[in-house]
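The structure appears right after this line, and notes come after that.
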Amino acid sequence: MAKINRKENQIFFDFNNMMSDYIGAEEGIREKDISAVSATVKGAFTSVIEQGSEGWQGWMDLPFGQAEIVEDIIATAKKVRKEFKTFVVLGIGGSALGPIAVFQALCHLHYNELPPKMRKGPKFYVEDNVDPERMAALLDIIDVKTTMFNVITKSGATSETMSQYLVITDILKKALGADYASHVIATTDHVKGNLIKLAQKEGFKTFYIPSGVGGRFSELCPVGLLPAAVLGIDIKLMLAGAGDMVKKGKQSSLYKNMPLMAATLQYIAMKKGKNISVMMPYADSLKYIADWYCQLWGESLGKAVDKNGNAVYAGQTPVKALGVTDQHSQIQLYTEGPFDKVITFIAVDKFRTEVMIPEGLKDFPDVNFLCGNTMGTLLNTERKATEYALQKKKRLNRTIIVPEVNAYTLGQLLMLFMMETAFVGAMLNIDTFNQPGVEEGKNATYAMFGRKGYEAKKAELDSAKAKTDRYIIK
Ligand code: PA5
């Protein structure tokens, strides 16, 4: 693990602009509002922390209990880097969004276009869809003979991933014959599903997704660690960052507990009708953290019933935005539209590289004010200005400050959002870790394909009201 000054690399959570002192009594949260929900907060803290890695909370243990697996991952990644020119992840949802987010955050922003000598690993692609044009486009640019495919599925049954698997293994078999199995690494549950059976039958190198770790909480297990290690990312450092955030999340004092305070404020905001959570990093490297967050937040908290079976229709719609790009598209709405949002900025203090805006337009004062500054200064100044504009318009907003984007700070960030999600779910008394709404769609797809065992669902679909042409304009 690379050495890092941990003290200088702690992420901060600034929630001033969530508070009534800063955005006014009508919209803002008062300390007494926080005190008023203390029993709920305490209950959520106890249930998440004391439950620990029980049930579906195994992800909280990942920073501490994977030493042996991590060594296997690092050794496998080293071999992949040596022997393959391309690494492709086949997966969807929680089996794809984390690898994409970490790749974007910690690798060169034009990584695949770099000459091999300037990359720490093979070219990298994640196929998180079944769009035929996308698959065909991938096949146009890769040579399967020099590609390693990492098929990732917790359930081992997801149609999209299994169809990608079928397409790729068919091509591999035709190109390589029996040797094809050395081009596939499976990451899946150690007992459930089809992929584990196929892996055992075909002899694929296999990594396991621990039993208490669900898809959207799986980035810090082999799901995310193997692709990251292949890319040359310091996965031990990433786990160290996540582990330090777990420690913060176990602090009993609310005002010292970053994930719990973040969750408490979101919970109060939701109770005040703030139904939208905007995630807006001000860094291209963190752009896909917003995508990853959208799945985590949306799929975990969007629930029809609570744990007692009461209809609650809980959730906050996650929206991704990118600073400053979306200042020129969405900020107008956030500043002047409905009072229904909490906006989270992710700020980066120090960019890993800087670009100077050169001098040279002294005769044009309207442009010259930019000259001699860095682009990073411009970006961060615009963020602060936007934060100010939102505060002035009494819009709830909060900022997570990342000193620099690196494996250690990224680990903290991922764990912060996972713990915040678990705490909010517990406050809402919902099952954070299931996804019955997703299952319904999956089952309907199986039925439409005539899959065995889904005859009743097929009958249900067939008896649904047929669409009328009256409402289709041609
Ligand atoms: O969070 C979840 O559980 C889901 O979004 C899954 O990640 C997604 O459906 C893919 O599932 P699997 O990894 O089983 O293929």
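The values are calculated or read from the model by the stated rules, or taken from the named source; none is laboratory data. Just so you know, these numbers come straight off a predicted model, no measurement behind them. Here the Cβ is made from the backbone with ideal geometry for all residues, glycine too, and neighbour counts use every protein chain on show. To get the accessible areas, we keep the full protein, side chains included, count just its heavy atoms, and leave off ligands, DNA and RNA. Shrake-Rupley method; radii C 1.70, N 1.55, O 1.52, S 1.80 Å.
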Dimensions (Å) - the range 341-474, Cα atoms, principal axes, largest first: 73, 46, 33
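Once you have the alpha carbon radius of gyration of the range 175-220, what is it after dividing by 2.2 N^0.38 Å, with N set to its residue count? Intermediate values should be presented prior to the final figure.
Numbers: Rg = 12.1 Å, N = 46, 2.2 N^0.38 = 9.4 Å.
That works out to 1.28 for the range 175-220.
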Qualifying lysines (Cα of each under 17 Å from Cα of Lys79; at least 8 residues distant if same chain): Lys117, Lys120, Lys123, Lys145, Lys205
Solvent-accessible area per residue for the range 59-233 (1.4 angstrom probe, square angstrom): 42 Å²
Where the centre of each part is set by its Cα atoms, how far does the range 141-165 sit from the range 401-474, in angstrom? 21 Å
The convex hull of the Cα atoms of the chain, divided by residue count, gives a volume in Å³ per residue of 202 Å³
Ranked output for segments 226-233, 124-131, 179-186, 328-335 by mean other Cβ atoms within 10 Å, highest leading, reads 226-233, 179-186, 124-131, 328-335
Can you tell me the mean projection area, over all orientations, of the convex hull of the range 59-233's alpha carbons? Units nm², please. 9.3 nm²
Once the principal axes of the Cα atoms of the range 212-264 are found, what is the range along each, listed largest first in whole angstroms? 39, 22, 16
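Hey, what did the range 59-233 get for relative contact order, percent, Cα under 8 Å, at least 6 apart?
Working: 267 pairs, mean separation 58.0, N = 175.
Reported relative contact order: 33 percent.
Step through the table entries Lys271/Lys341; Lys272/Lys394; Lys32/Lys271; Lys341/Lys394; Lys154/Lys458; Lys247/Lys341, compare each Cα-Cα distance with 19 Å, and write down the pairs that go over it.
Numbers: Lys271/Lys341 12 Å; Lys272/Lys394 14 Å; Lys32/Lys271 15 Å; Lys341/Lys394 11 Å; Lys154/Lys458 26 Å; Lys247/Lys341 29 Å.
Table pairs above 19 Å Cα-Cα are Lys154/Lys458; Lys247/Lys341.
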Taking the Cα centre of the chain as origin, sum charge times position over the Cβ atoms of Lys and Arg (+1) and Asp and Glu (-1), and report the length of that vector in debye to the nearest 20. 440 debye
For the range 42-158, what D do you get in µm² per second when you plug the Kirkwood radius from alpha-carbon pairs into Stokes-Einstein at 4 °C and 1.567 mPa s? 78 µm²/s
